[in-house]
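The values are calculated or read from the model by the stated rules, or taken from the named source; none is laboratory data. All of these numbers come straight from a predicted model, not from anything done at the bench. Backbone-built Cβ (ideal geometry, glycine too); neighbour counts: all protein chains shown. Calculation scope for accessible area: heavy atoms of the full protein, side chains included, ligands and nucleic acids excluded. Shrake-Rupley method; radii C 1.70, N 1.55, O 1.52, S 1.80 Å.
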Amino acid sequence: LKGAVQLYSLKDDLRQLIATLGPGDILGEKILLEDKPYLHHFFAITVAASEIIQFDPKDLPQIETIFPDFKMRLLSAVTDRLNKANEFIRILQSSDTALRVTGYIKYFLDYNGLLLGPDTVFTAGEIASVIQLQEGEVLEVLKVLVESRALMEEEGKFKVIHLDVIEHRLKKAA
């Protein structure tokens, strides 16, 4: 209802930012639609004074009474996530190595995705395993991005420092 919450995943004792949620955002739409357990390990930290509603799927009729537009918000959240998944599939299907690498990085930074958060460092090998390329191919693209000042490299680990440079390269490749 109010404020901001950062959602994190905890895997192998590593905390990774998944998303930053604000007023009107919906989390857990999958369980509302399927009414099945969703086995992920998340935790949330409020980053501003916040009011949050937690409810069980059986409470949906009561929630709709309080928030008449809730079904439209839910549908919008599902549609948004589907569009993001389709964009990611398009990136992965590209035969252009540079587009796949830069698209992967931008996709996960734009959407605070499951693998990369804005403060996450990554290696060429990690990206290569996800987008199914050879590590050397990914490393070549990452080095070009370092030269263009989009990424910073330290001891084989990379971090995005200028997302706008990555966006510009993607527009040229598209």
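Among the residues of the range 64-100, those identified as open to solvent by 80 Å² or more (accessible area, probe 1.4 Å), farther than 30 Å from residue 124 by Cβ and either under 18 Å from the mean Cα position of the chain (by Cα) or of a type in the set (D, E, K, R) (or both) are 71, 73.
Applying the criterion of at least 2 residues that are of a type in the set (Val, Ile, Thr) and within 30 Å of residue 144 (Cβ to Cβ) to the helices (runs of 4 or more DSSP H) found wholly in the range 18-114 leaves 70-93, 97-110. Exactly one residue out of 144, 165 is at pLDDT below 85, part of a helix (DSSP H, G or I) and of a type in the set (Val, Ile, Thr): that is 165. The residues listed here are 32, 39, 21; of these, the one that is open to solvent by 100 Å² or more (accessible area, probe 1.4 Å) and aliphatic (A, V, I, L, M) is 39. Of all residues in the range 44-63, exactly one satisfies the criterion of being touching a residue at least 12 places away in the same chain (Cβ under 8 Å), among the polar types (S, T, N, Q) and open to solvent by 80 Å² or more (accessible area, probe 1.4 Å), namely 46.
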